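Worksheet for the structure shown next.
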Amino acid sequence: MVGGESEKRKVVVVVGGGVAGALLAKNMQFDADVVLIDPKEYFEIPWACLRSMVEPSFAERILINHTDYLSNGRIITSRATGITESEVFTEDGQTILYDYLVLATGHADPTPRSRKDRLEQFQQADPTPRSRKDRLEQFQQDNATIKSSSSVLIIGGGRMGVELAGEISVDYPEKKVTLIHKGPRLLEFIGAKASNKALKWLKLKGVDVLLEQSVDLDSITEGERVFTTSAGKSVSADCHFVCVGRPLGSTWLQETFLKESLDKSKRLMVDKNLRVKGRRNIFAIGDITDIHEIKLGYLAQDQAAVVAKNLKLLLKGGRESKLATYKPAPAMAVVSLGRKRGVAQLPFTAISGRLPGMFKSKDLFVGRTRKMMGVGPRVV
Ligand SMILES: Cc1cc2nc3c(=O)[nH]c(=O)nc-3n(C[C@H](O)[C@H](O)[C@H](O)COP(=O)(O)OP(=O)(O)OC[C@H]3O[C@@H](n4cnc5c(N)ncnc54)[C@H](O)[C@@H]3O)c2cc1C
């Protein structure tokens, strides 16, 4: 028989519509029957959410409905809850068969929230606003909270806490910002020189940075305005944002046959072709993998490109020896400090000021990412 049923297209299921999964689904949609599973109806550019908290209209460009770039695929707006060697199960009770599976569930929780909001979110089955409209509304609410507060406490001095402190101190210089971090230096994922440059800049902006101190999140009550640190210091703040403990999106895999493929940090162990070790038809990309490099979106996109190439080869019946390989990247990252400045970790040094700011801080790679996703630079 020529054509027809004997040439039924293979099903590629992508779990997670974040930076890596969304791009992969887009790139595969005309080569296979693509199914994208994500609890949200939209793809969010995660590193641009902090700007959206001080300028909610910015969020219009960072939230892209999955339907805008995936015209030839099936979108399931639900959370994956389990898998077998040929099926994925979702929270809303669906079972989806796959020929190839790509796991891209990076992080489960994209945004800084107040302690109360976080508790409420995690008590819900689905912590992230499902619709783009609700997410836009959330940015409006965050902005209203910041605007109506004279003082803001940020808990956690990783990239999320530091970038949020930068955004608030630049856009609202009259507000008292305190940043508490339990480690000995900010931005521990990059070098000490870069950390010190960020610390110096924040202090110059009047941000009170308290290192080697923490706040017991469980002790924070609703409407709390005085926070006691582990060192016994009292910090007054009209509102607070928790920027610690972003959960990795691999919890749902821990009860599946892939639990043996998770390393000590609960990341999926992959081979050089980005297949889950020992699996021939299951790939993993992005922050969820155990690749030894800084976890970054542009690297997750590079991994999506490698896997798209590999899937296309396998779908055409190509030889496994021809699979493309992924090489871990050298340490390079830019942390934005408000709208014009930044600090960059380069392979052998760190720089700060306007140069890294020009690279990232103005548009936060939003135009570039929208282009990559095949949508226009502006929302029409
Ligand atoms: C403040 C900050 C600044 C950053 N700055 C930069 C930068 O300048 N440049 C850069 O390249 N990178 C930057 N990053 C890193 C970048 O955001 C991540 O590396 C990137 O988002 C990883 O992509 P991912 O697809 O692996 O995961 P994510 O983008 O986290 O996407 C995961 C997706 O999986 C979904 N998901 C989770 N669980 C499930 C489930 N059970 N079922 C179905 N779907 C699920 C989520 O809803 C989400 O859509 C920054 C990160 C932060 C926090």
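Some values worked out for this structure:
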| quantity | calculated |
| --- | --- |
| Restricting the stretch 296-338 to residues that are surrounded by 18 or more Cβ atoms within 10 Å (Cβ to Cβ) and part of a loop (DSSP other than H, G, I, E, B), the residue that is farthest from the ligand (Cβ to nearest atom) | LEU323 |
| The stretch 86-116, residues that are without any contact (Cβ under 8 Å) to a residue 60 or more places away in the chain and hydrophobic (A, V, I, L, M, F, W, C) | PHE89 |
| Condition met for PHE348 (surrounded by fewer than 16 Cβ atoms within 10 Å (Cβ to Cβ) and over 27 Å from ASN27 (Cβ atoms)) | yes |
| Residue in the stretch 21-43 that is farthest from THR84 (Cα to Cα), counting only those that are assigned to a strand (DSSP E or B) and within 6 Å of the ligand (Cβ to nearest atom) | ASP38 |
| Residue in the stretch 333-352 that is nearest to LYS272 (Cα to Cα), counting only those that are out of contact with any strand residue (DSSP E or B) (no Cβ under 6 Å at 6 or more places or on another chain) and not charged (D, E, K, R) | PRO347 |
| Residue match in the stretch 183-190 (condition: away from the ligand (no atom under 14 Å from the Cβ) and farther than 18 Å from LEU337 by Cα) | yes |
| Residues of the stretch 144-172 that turn out to be surrounded by fewer than 19 Cβ atoms within 10 Å (Cβ to Cβ), out of contact with any strand residue (DSSP E or B) (no Cβ under 6 Å at 6 or more places or on another chain) and within 18 Å of PRO56 (Cα to Cα), as a count | 6 |
| Condition check for VAL162: β-branched (Val, Ile, Thr) and touching a Pro at 6+ places or on another chain (Cβ under 7 Å) | no |
| Residue check, GLY18 near the ligand (Cβ under 9 Å from one of its atoms) and either of a type outside the set (A, V, I, L, M, F, W, C) or surrounded by fewer than 18 Cβ atoms within 10 Å (Cβ to Cβ) (or both) | yes |
| Sole exception among (1) surrounded by fewer than 16 Cβ atoms within 10 Å (Cβ to Cβ); (2) more than 9 Å from the ligand (Cβ to nearest atom); (3) hydroxyl-bearing (Ser, Thr, Tyr) for THR251, by number | (2) |
| Some residue of the stretch 174-194 being closer than 16 Å to ASP238 by Cα, at pLDDT 95 or above, touching a helix residue (DSSP H, G or I) at 6+ places or on another chain (Cβ under 6 Å) and not in a loop (DSSP other than H, G, I, E, B) | yes |
| Residue that is without any contact (Cβ under 8 Å) to a residue 12 or more places away in the chain and either farther than 19 Å from TYR100 by Cβ or surrounded by fewer than 22 Cβ atoms within 10 Å (Cβ to Cβ) (or both), where the choices are GLU7, GLU41, GLU55 | GLU7 |
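Residue by residue, here is whether (1) of a type in the set (Ser, Thr, Tyr); (2) surrounded by fewer than 18 Cβ atoms within 10 Å (Cβ to Cβ); (3) not in a loop (DSSP other than H, G, I, E, B) holds:
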{"site": "ASP218", "(1), (2), (3)": "no, yes, yes"}
{"site": "GLU222", "(1), (2), (3)": "no, yes, no"}
{"site": "PHE227", "(1), (2), (3)": "no, no, yes"}
{"site": "ALA231", "(1), (2), (3)": "no, yes, no"}
{"site": "PHE241", "(1), (2), (3)": "no, no, yes"}
{"site": "GLY245", "(1), (2), (3)": "no, yes, no"}
{"site": "LEU258", "(1), (2), (3)": "no, no, yes"}
{"site": "LYS264", "(1), (2), (3)": "no, yes, no"}
{"site": "LYS272", "(1), (2), (3)": "no, yes, no"}
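The values are calculated or read from the model by the stated rules, or taken from the named source; none is laboratory data. Every value quoted in this text rests on a predicted model; they were computed, and no experiment measured them. Please note: Cβ atoms are built from the backbone with ideal geometry, for glycine as well, and neighbour counts cover all protein chains shown.
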